[in-house]
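> Sharing a structure with you now.
The values are calculated or read from the model by the stated rules, or taken from the named source; none is laboratory data. If you're wondering where the values come from, they're calculated on a predicted model, not measured in any experiment. Every residue, glycine as well, gets a Cβ built from its backbone with ideal geometry; the counts of neighbours run over all protein chains shown. Heavy atoms of the whole protein, side chains included, go into the accessibility calculation; ligands, DNA and RNA do not. Shrake-Rupley method; radii C 1.70, N 1.55, O 1.52, S 1.80 Å.
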Amino acid sequence: NYFPWLTIIVFLPISAGSLLFFLPHKGNKLIKWYTICICIFELLLTTYAFCYHFRLDDPLIQLAEDYKWINFFDFYWRLGIDGLSIGPILLTGFITTLVTLAAWPVTRDSRLFHFLMLAMYSGQIGSFSSRDLLLFFIMWEFELIPVYLLLSMWGGKKRLYSATKFILYTAGGSVFLLIGVLGLGLYGSNEPTLNFETLANQSYPVALEIIFYIGFLIALAVKSPIIPLHTWLPDTHGEAHYSTCMLLARILLKMGAYGLVRINMELLPHAHSIFSPWLIIVGTMQIIYAASTSLGQRNLKKRIAYSSVSHMGFIIIGIGSITDTGLNGAILQIISHGFIGAALFFLAGTSYDRMRLVYLDEMGGMAVSIPKIFTMFSILSMASLALPGMSGFVAELIVFFGIITSQKYFLKPKILITFVMAIGMILTPIYSLSMSRQMFYGYKLFNAPSSYFFYSGPRELFVSISIFLP
């Protein structure tokens, strides 16, 4: 099968999105429906390609494409997917389609807004399916421009501050990524080798491998985010429009975790085995620290943002456990948290649309006014605190099994780490249940303009139930 499925899937959103600028000025509804149709078509195309042309029993790279790209530099357009990238790609398609529905209230500069979302879509799929280090770097960088514009144009009061902070952190991390990419590509040969397959079979001196590993780790830690390089995330989430928050929470953070597995684990295995105990220690600290900090946040979206940082700790521990079980748990946590984080930000945004309140101590008694949003928010808070029967529980349980069955660590450190992780799982219900209590219970009364104003429409119910079912 030589049909270029992946190239079409990568280019379709941005090329179809560029036609948005030719649609009439006044046609806000037309722009929205056109964007939704592109996203649905893209999702169906991706699902079809993966169902009929991807064999689940084959561990090698599939749907591979390899074209000479720039003759002068010997660069290639290499795409391909395996079991690691198929989940994030489908998650991207599914959530972006729902985000276009969630962004329905956006009317200012509607064409640019929807184009930037489709450009992000292309960049994300490109980075998850690239098999060339330079192509991965270009797709990684391509993300920054749409996010910066979405933040600085459609954000809250401090949007320019948070957008500048976002671009400084992520662009600073990208410098390390570029140095690492060039170092790996140019090591030991006059011709640059940037093919993932070739680099995976190459061996390096241990000291050099450690230097490469640290460089990549810094770049990926900013995006993941791993403490102490996480401080851009709460500010960004606190100011961004909730549809942008959904895109950030479910994909941008996952690109960092994906890069950790794809680059640090696959290409630099010796350094990874040296650093994995430190990764586990940092992941454990992150679970406790972010859960404790989340409890002190007055801003609703910042509280959910810190909960995202806490959940990323489990992914880091799963990657550091160096077991199949732990890695599976980490990938499942990536997908599970993609759903839960996106849904919580969406519900926080829809309640803000009605109440115009963002601080928790000003809220209260909202359960009576918006019962449907209250029900969905309560269920998804349970999923976030890993209630048995929900995806978050399964993912965290598999990470626990991964760390316990790991042959690399002694019994006492494993027991200690598991104990500290368990404390983190106890802190999660405290901040998520207190968030629900402050928002929905109590006796604060609102000057409600009309009963219709508080009613949750079919669009909001459809989006929240669509995310809730998986």
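> Can you tell me which residue within segment 7-35, out of those that are out of contact with any Asp or Glu (no Cβ under 7 Å at 6 or more places or on another chain), surrounded by fewer than 18 Cβ atoms within 10 Å (Cβ to Cβ) and at pLDDT 85 or above, is nearest to TYR121 (Cα to Cα)?
PHE11
> Counting only residues that are of a type in the set (Ser, Thr, Tyr), over 20 Å from PHE339 (Cβ atoms) and part of a helix (DSSP H, G or I), how many does segment 84-126 have?
Of the residues in segment 84-126, the ones of a type in the set (Ser, Thr, Tyr) are 85, 92, 96-97, 100, 107, 110, 121-122.
Restricting the remaining residues to those that are over 20 Å from PHE339 (Cβ atoms) gives 107, 110, 122.
Of the ones still in play, those that are also part of a helix (DSSP H, G or I) are 110, 122.
The number of residues fulfilling the criteria is 2.
> While we're on this one: Residue under question is ILE61, and the condition is that it be under 24 Å from the mean Cα position of the chain (by Cα) and at pLDDT 85 or above; does it hold? Give the steps one after another, and end with the answer.
Details: under 24 Å from the mean Cα position of the chain (by Cα): yes; at pLDDT 85 or above: no.
For ILE61, the condition - under 24 Å from the mean Cα position of the chain (by Cα) and at pLDDT 85 or above - is not met.
> Let me ask something additional. Being without any contact (Cβ under 8 Å) to a residue 60 or more places away in the chain and open to solvent by less than 100 Å² (accessible area, probe 1.4 Å) is the filter here, so list the residues in segment 36-45 that pass it.
Selection gives CYS37, ILE40, LEU43, LEU45.
> Let me ask you something else. Determine, yes or no, whether ILE227 is touching a helix residue (DSSP H, G or I) at 6+ places or on another chain (Cβ under 6 Å) and part of a loop (DSSP other than H, G, I, E, B).
Numbers: touching a helix residue (DSSP H, G or I) at 6+ places or on another chain (Cβ under 6 Å): yes; part of a loop (DSSP other than H, G, I, E, B): yes.
The answer is yes for ILE227.
> Also, I was wondering about something else. In segment 143-167, what residues are open to solvent by 70 Å² or more (accessible area, probe 1.4 Å) and out of contact with any Phe, Trp or Tyr (no Cβ under 8 Å at 6 or more places or on another chain)?
First pass over segment 143-167, keeping only residues open to solvent by 70 Å² or more (accessible area, probe 1.4 Å): 145, 148, 157-161.
ILE145, LYS157, LYS158, ARG159, LEU160, TYR161 - these are the residues of segment 143-167 that are open to solvent by 70 Å² or more (accessible area, probe 1.4 Å) and out of contact with any Phe, Trp or Tyr (no Cβ under 8 Å at 6 or more places or on another chain).
> Okay, next question. Any residue that is open to solvent by 100 Å² or more (accessible area, probe 1.4 Å), in contact (Cβ under 8 Å) with a residue 12 or more places away in the chain and under 30 Å from PHE113 (Cα atoms) - is there at least one of those in segment 48-61?
No, every residue in segment 48-61 fails to be open to solvent by 100 Å² or more (accessible area, probe 1.4 Å), in contact (Cβ under 8 Å) with a residue 12 or more places away in the chain and under 30 Å from PHE113 (Cα atoms).
> Quick check on ILE331: is it within 17 Å of ASN264 (Cβ to Cβ), assigned to a helix (DSSP H, G or I), open to solvent by 10 Å² or more (accessible area, probe 1.4 Å) and among the aliphatic types (A, V, I, L, M)?
Working: within 17 Å of ASN264 (Cβ to Cβ): yes; assigned to a helix (DSSP H, G or I): yes; open to solvent by 10 Å² or more (accessible area, probe 1.4 Å): yes; among the aliphatic types (A, V, I, L, M): yes.
Yes.
> Please go through segment 212-228 and pick out each residue that is surrounded by fewer than 18 Cβ atoms within 10 Å (Cβ to Cβ) and within 14 Å of MET265 (Cα to Cα).
Result: ILE214, single match.
> Does LYS408 qualify as being surrounded by fewer than 18 Cβ atoms within 10 Å (Cβ to Cβ), at pLDDT below 85 and not in a helix (DSSP H, G or I)? Quick ask: steps written out before the conclusion?
On the way: surrounded by fewer than 18 Cβ atoms within 10 Å (Cβ to Cβ): yes; at pLDDT below 85: yes; not in a helix (DSSP H, G or I): yes.
Criteria met by LYS408.
> When the residues of segment 177-190 are filtered to those that are surrounded by fewer than 19 Cβ atoms within 10 Å (Cβ to Cβ) and among the hydrophobic types (A, V, I, L, M, F, W, C), which remaining residue is farthest from TRP140 (Cα to Cα)? Full working, then the answer.
Step one: filter segment 177-190 for residues surrounded by fewer than 19 Cβ atoms within 10 Å (Cβ to Cβ), giving 178-179, 182-183, 186-190.
Filter once more, so that each one left must be among the hydrophobic types (A, V, I, L, M, F, W, C): 178-179, 182, 186.
On the way: LEU178: 10, ILE179: 14, LEU182: 15, LEU186: 20 Å.
Only one residue tops the list, namely LEU186.
> Here's a follow-up. Would you check which residues across segment 276-313 are closer than 16 Å to GLY215 by Cβ and either open to solvent by 40 Å² or more (accessible area, probe 1.4 Å) or not in a helix (DSSP H, G or I) (or both) and list them? Even if it seems obvious, please write down each step before you answer.
Here is the first cut: in segment 276-313, the ones closer than 16 Å to GLY215 by Cβ are 278-279.
TRP278 - this is the single residue of segment 276-313 that is closer than 16 Å to GLY215 by Cβ and either open to solvent by 40 Å² or more (accessible area, probe 1.4 Å) or not in a helix (DSSP H, G or I) (or both).
> Sort through THR236, THR231, THR198, THR193 and tell me the only one that's open to solvent by less than 10 Å² (accessible area, probe 1.4 Å) and of a type in the set (S, T, N, Q).
Details: THR231 fails: open to solvent by less than 10 Å² (accessible area, probe 1.4 Å); THR198 fails: open to solvent by less than 10 Å² (accessible area, probe 1.4 Å); THR193 fails: open to solvent by less than 10 Å² (accessible area, probe 1.4 Å).
Within the list THR236, THR231, THR198, THR193, the selection yields THR236.
> Conditions first: (1) within 21 Å of PRO105 (Cα to Cα); (2) not in a loop (DSSP other than H, G, I, E, B). LEU357 passes all but one, so which condition is the exception?
So LEU357 meets the others, but not (2).
> Find all pairs meeting these conditions: Cβ atoms under 7 angstrom apart; at least six residues apart or on different chains; first residue within segment 205-217 and over 17 Å from ARG262 (Cα atoms); second residue part of a helix (DSSP H, G or I).
Correct list of pairs: VAL206/HIS270.
> Now for a separate question. For the list (1) over 28 Å from ASP132 (Cα atoms); (2) of a type in the set (Lys, Arg); (3) modelled with pLDDT of 85 or more, I need the number of the one condition that ARG262 fails.
So the condition that ARG262 fails would be (1).
> Just to be sure before I move on: is GLY173 in a helix (DSSP H, G or I), of a type outside the set (Asp, Glu) and in contact with a strand residue (DSSP E or B) (Cβ under 9 Å, 6 or more places away or on another chain) in the structure I sent? Please lay out each step first, then the result.
On the way: in a helix (DSSP H, G or I): yes; of a type outside the set (Asp, Glu): yes; in contact with a strand residue (DSSP E or B) (Cβ under 9 Å, 6 or more places away or on another chain): no.
Judged against the criteria, GLY173 is not a match.
> Regarding LEU387, is this residue in a loop (DSSP other than H, G, I, E, B), in contact with a Phe, Trp or Tyr (Cβ under 7 Å, 6 or more places away or on another chain), within 30 Å of LEU279 (Cα to Cα) and at pLDDT 80 or above? Please lay out each step first, then the result.
Numbers: in a loop (DSSP other than H, G, I, E, B): yes; in contact with a Phe, Trp or Tyr (Cβ under 7 Å, 6 or more places away or on another chain): yes; within 30 Å of LEU279 (Cα to Cα): yes; at pLDDT 80 or above: yes.
Against the criterion (in a loop (DSSP other than H, G, I, E, B), in contact with a Phe, Trp or Tyr (Cβ under 7 Å, 6 or more places away or on another chain), within 30 Å of LEU279 (Cα to Cα) and at pLDDT 80 or above), LEU387 qualifies.
> Out of everything in segment 340-390 that is over 20 Å from the mean Cα position of the chain (by Cα) and on the phi > 0 side of the Ramachandran plot, what residue ends up being surrounded by the most Cβ atoms within 10 Å (Cβ to Cβ)?
GLY364
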